[in-house]
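Here's the structure, in structure tokens; my notes come after.
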Amino acid sequence: MPDSSGQTQLEVIDTLTSARQGAATMILPIVCLVSISTIALTNDGLSHHIYNPQIYSVFILGFLVAWSGMRWDINSEWPYMVTVFACGFFLIAKFTVLILYATPRDFPVGLLEGMIWLYPVLVYALINSTLIFYWRFALGLMSILSSMSLFYGFSDLNALIYSPTFVSIIQFNAIGWFILYGSKGYMLRKELHTAHITRMTTLERVANTDILTNLRNRRYLERYLQDYLENPKSNLLSLMFIDIDSFKLVNDTLGHTKGDELLKQISILLLRLCGPTAVVTRLNGDEFVVVLPELGGEQAEQLSREILNHLQKDGLELGTEFKNFRLTLSIGISTYPENGLTTDELLRHADSAMFAVKRNGKQNVRRYNPADDADTEYRQELGRELAGALERGEISLVFQPLYDLQTGGLVKAEVLMRWHHPVFGWVSPAAFIPVAEQAGLINTLGLWALQQSCQYAQQWPEVVLCVNVSLLQLFQSNFAQQISEFLQEYDVPAGRLELELTETTLMQDNSNTIMGLITLRKTGLSLTIDDFGIGYSNLARLRTFPVEGLKMDQSFTRHLAGSELDQRYAKEMIYAVVQISDIAGLQVTAEGIETLEQLQAVRALGCHTGQGYFLARPCGPEQFVMLLNDAAPPTWATA
């Protein structure tokens with residue numbers, strides 16, 4: 001697509017430059033030819049002195065040098081300087097010769113013949129130059145011509161009062177000054193016009209360009225697609241909607257400057273791999289859209305996988321601080337005309353496909369499927385509704401007890417968030433927690449949960465409350481301070497609160513993670529690894545973390561009731577984790593206990609605490625108080 005006014009203005013400048021070069025190649029040779037012809041055709045006695053061949057030889061040589069320079073580099077200033085100096089040399093030399101050798105009758109003839117064509121040469125140099133020096137030099141030469149005219153006029157006033165020759169000289173002087181100042185006005189208008197074109201070109205570029213990455217922006221993308229779809233050049237066009245996974249984590253961990261550096265490197269990667277025909281744009285934030293004219297869905301998918309493979313194999317040119325981050329992309333694809341006939345449809349459907357990738361583990365490519373729309377719209381609606389859920393009182397907390405597997409005592413409770421929407425009903429945490437993280441609401445919800453937990457911890461001094469914490473919260477610089485303020489507000493000892501972070505969060509080799517954990521431990525809080533066993537399972541690194549416990553993922557407990565092979569695998573894994581944890585001084589909790597057999601197995605394998613529907617379901621504050629007041633030990637503890 002032509003860049004509307006931007007390219008048109010550049011074409012104007014190119015046209016002016018071409019015209020300037022054409023003038024340079026035509027005018028100076030003509031001047032040289034006229035000068036040579038003047039010498040050859042003038043045979044009077046005056047020519048020996050006025051039209052001196054040596055003067056004209058230097059004059060013509062200067063013009064030829066200037067002409068060669070303009071042909072070589074039209075934008076250089078030195079050819080015009082040579083032109084002006086050649087004119088100045090000729091004028092001064094001629095003035096000298098006229099004074100020394102010309103008679104009063106021959107003086108005006110030589111003067112007039114020089115002035116006839118000298119003006120156009122000066123004007124030509126002036127209108128093609130950009131330095132104020134040329135203007136001042138031209139003024140000096142014009143002043144010399146006027147001085148020569150005055151010299152001639154005052155040499156014999158009585159004889160020249162009614163002389164037609166003197167009148168012609170006066171008229172030529174007037175014309176000369178008029179042309180000189182007229183050319184100055186033209187120069188000013190040309191400069192203003194050029195400045196206007198440059199300014200409009202710059203504004204157009206800024207309006208259509210992302211300043212950070214220098215890619216095209218959303219405005220340009222929409223205009224490009226609109227123009228293309230109105231006059232399609234082919235029946236094929238694909239859109240790649242690209243999102244950087246966990247980009248917010250980079251910003252929160254390393255800062256926005258490093259985040260900007262990552263965006264620039266992704267931009268360079270896309271430009272290099274997508275080819276010259278692709279239109280690479282930055283939509284907003286960490287989202288990019290690549291338009292692939294004349295490419296179908298299969299080709300776009302193949303290119304997308306090449307981008308993912310290149311990113312994983314060769315990486316990006318980033319600093320060492322990025323070495324602990326696993327940079328991945330989620331890419332959704334829509335095609336014209338199968339997936340849409342308008343700009344809005346193509347963008348929306350590519351966006352839906354990209355979100356489907358994120359829901360299924362990220363770092364993948366997906367072509368649009370109509371089934372994606374409903375889920376994407378549902379998630380977007382959840383995000384809008386979740387923004388005001390706290391104010392409307394739709395968010396509540398429930399508590400799931402954790403029991404000591406040896407004594408049967410209720411020692412802890414996991415704090416779980418629930419959302420009841422007036423239209424959607426009960427919304428699963430598995431649905432709204434990822435939406436909260438993506439919409440930037442997780443910090444607000446998390447702080448509210450921590451404050452409420454401190455309030456309940458004040459009422460229930462006999463148990464420890466376990467609160468789930470997002471990695472985004474951990475990387476907030478004032479997170480530990482905010483928790484300390486809540487503890488002081490409700491006069492709750494730090495040991496009465498336990499923070500749970502998932503294994504995939506903690507097991508990344510990230511110094512910022514370690515620093516965040518150490519800062520929290522300094523406040524006296526207990527830290528636990530949640531869902532252990534589904535991520536990196538790096539048992540050797542358990543001793544390096546400032547944590548006091550871990551929760552075995554419920555998949556291990558579930559396998560205890562599976563096939564013989566599943567049971568053997570689960571028992572060996574649980575036993576190994578318990579042994580390593582005992583060495584590291586960690587408490588092990590078994591999650592997902594739903595049968596008596598599972599309970600007996602985890603007790604026998606040495607797990608310290610247990611949690612699951614067989615022991616107790618999540619309940620509200622009133623029901624939890626009843627469990628606390630029940631002094632009788634559970635039946636399984638006495639069996």
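A few comments on the model shown:
- Judged by the ratio a/c of the largest to the smallest principal axis of the C-alpha gyration tensor, the range 545-634 counts as oblate, that ratio being 1.5 or greater while a/b is no larger than b/c.
- Taking each residue as 0.36 nm, the span from Asp260 to Gln299 lengthens on full extension beyond its C-alpha to C-alpha distance by 11.1 nm.
- Length released on extending from Tyr490 to Trp72, taking residue separation times 0.36 nm less the Cα-Cα span: 142.3 nm
- Cα gyration tensor shape for the range 414-520, rounded if a/c is under 1.5, else prolate or oblate: oblate
- Rounded to the nearest Hz, the phi-derived 3J(HN,Hα) couplings of the range 599-613 under the Karplus curve 6.51 cos²θ - 1.76 cosθ + 1.60 (θ = phi - 60°) are 4, 5, 5, 5, 5, 5, 7, x, 5, 7, 10, x, 8, x, 5, where x marks glycine and proline.
- A simple rule links phi to the HN-Hα coupling: the Karplus curve 6.51 cos²θ - 1.76 cosθ + 1.60 with θ = phi - 60°, which for the range 296-308 gives x, x, 5, 5, 5, 5, 4, 5, 4, 5, 5, 5, 4 Hz, with x for Gly and Pro.
- Here each label is just a point 7 Å from Cα along the line to Cβ, and for Gln458 and Ala430 those points are 3.6 nm apart.
- Under 5 Å between amide hydrogens, built in the peptide plane, is the criterion, and for Val464 it picks out Lys412, Ala413 among residues at least 5 positions away or on other chains.
- The range 317-421: GluC sites (Glu not before Pro) falling in loop per DSSP and having at most 16 other Cβ within 10 Å: Glu317, Glu338, Glu391
- Computed over the range 216-318, the convex hull of the alpha-carbon atoms projects to a mean area of 6.7 nm².
- Phi-based couplings in Hz for the range 252-266 (Karplus 6.51, -1.76, 1.60; Gly and Pro marked x): 6, 8, 9, x, 5, 5, 5, x, 5, 4, 5, 4, 5, 5, 5
- 10 Å binning of all Cα-Cα separations within the range 271-404, expressed as whole percents from 0 upward: 10, 33, 28, 17, 9, 2, 0
- Database remark: amide H of Asp530 closer than 5 angstrom to the amide H of Leu501, Thr502, Glu503, Lys551 (H placed geometrically; neighbours at sequence offset of 5 or more, or on other chains; Pro and chain starts carry no H).
Every number here is computed from the coordinates shown, using simple stated rules; none is lab data. Here the structure is a predicted model, which is why all the values come from computation and not from measurement. Positions of Cβ are backbone-derived with ideal geometry, glycine not excepted, and every protein chain shown enters the neighbour counts.
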